[in-house]
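For reference, the structure is listed below as C-alpha cells.
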Amino acid sequence: GIAVLMVLSFHFGARPSAVPKIFTAPSALGWSGVDLFFVLSGFLITGILLETKSASNYFVSFYVRRILRIWPLYLVSLAAYFFIALPLAHHYGHWLAQTDSLRVWYWCHVANWQSAFGKEIGIITHFWSLAVEEQFYFFWPIVVFLVPKPKLPYICCAVILLSLGLRCAYSGDAGNYPYLLDRLTPFRMDTLAFGGL
C-alpha cells in the first residue's frame, strides 16, 4: 500500500508554489515505490516457490495461480482501453494521436520493451512494471526449482550484480532513451532478486 501511494504521489502529487515544500517533497521519492514493490514481490514469490518446491505440481500450481491472480483484471483493463475507451475517444475527436499499434505488445506482457524506447500509450503506460514482473516470473520458478536452497542466495546476488552491471554498461544510452534503464527487464531484475534474497 505504501509503495502504491508513493507512486501515485509522484505522478499526481500537487506541486504548486503556494503549497509548502514540506508537503510536496515526499512525492519526489515516489519513483522508489516501484522498487519497493518489486522487492516485496520478489520476497513473497520466492517464499511461495521455496515452500512449494517439493510439490509434484510445483510449476503448474505457480503459473496457474499467477495467471488467475493477474490476468483477468489485466485483460479486462486492456479490453476496456482498446475496444471501448480508445474507439469512443476517437469517435468524439479525442486521443487522436493514440493508436492500437502497440496492442499486441500489451497483450503479451512485453510492452515495457516498447516503452523503454519511447513508444508507449500514455494512459496504460504503467503496465510496464507488470510486464517486468511477468517476464521475471516466467523464468524465476525454474531457477528456484533447479538451484538448491543453500545456493539460491548466491544466484540472487549474481542476478543483482548482473542487473547493476548492465545498468552501468548501458547508462550512456540512457540519454537517447530516458526510460531504457527503468523499464527493460534485465535492468530491473536486481530489486526482484533482492527480495528473493
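The values are calculated or read from the model by the stated rules, or taken from the named source; none is laboratory data. Note that the coordinates shown come from a computational prediction; the quantities given were computed from them, not determined experimentally. Reconstructed Cβ throughout: ideal geometry from the backbone, glycine too, with neighbour counts over all protein chains shown. Side chains are part of the model used for accessible areas, which takes the heavy atoms of the whole protein and leaves out ligands, DNA and RNA. Shrake-Rupley method; radii C 1.70, N 1.55, O 1.52, S 1.80 Å.
Annotations
- At least 18 Å along the helix axis (C-alpha) and Kyte average at least -0.5, DSSP helices within the chain: 32-51, 58-79, 128-146, 152-169
- Volume of the convex hull of the chain (Cα atoms only), normalised per residue: 148 Å³.
- Surface accessible to a 1.4 Å probe, residue 40 within the full protein complex, Å²: 90
- Projected label distance in nm at residue 56 and residue 4, using a 7 Å step from Cα toward the beta-carbon: 3.8
- Using only alpha-carbon positions in the stretch 49-136, the gyration tensor eigenvalues give semi-axes of 32, 14, 8 Å once each is multiplied by 5 and square-rooted (largest first).
- Sorting 126, 91 by accessible area puts them as 91, 126; the probe is 1.4 Å, largest comes first, and only protein heavy atoms count.
- Charge dipole (Cα centre; +1 on Lys/Arg Cβ, -1 on Asp/Glu Cβ; no other charges) of the chain amounts to roughly 260 debye.
- Accessible area of the chain belonging to carbon and sulfur atoms, whole % at 1.4 Å probe: 72
- Each other residue within a Cβ distance under 13 Å of residue 52 adds +1 if Lys or Arg and -1 if Asp or Glu, for a net charge of +3.
- What separates the Cα centres of the stretch 33-99 and the stretch 123-197 is a distance of 17 Å.
- Per-residue [θ]222 nm for the chain (sum of -39500 (n - 2.57) over DSSP H runs n ≥ 4, rounded to 500): -19500 deg cm²/dmol
- Separation in nanometres of the label points that stand 7 Å from Cα toward Cβ, at residue 108 and residue 75: 1.7
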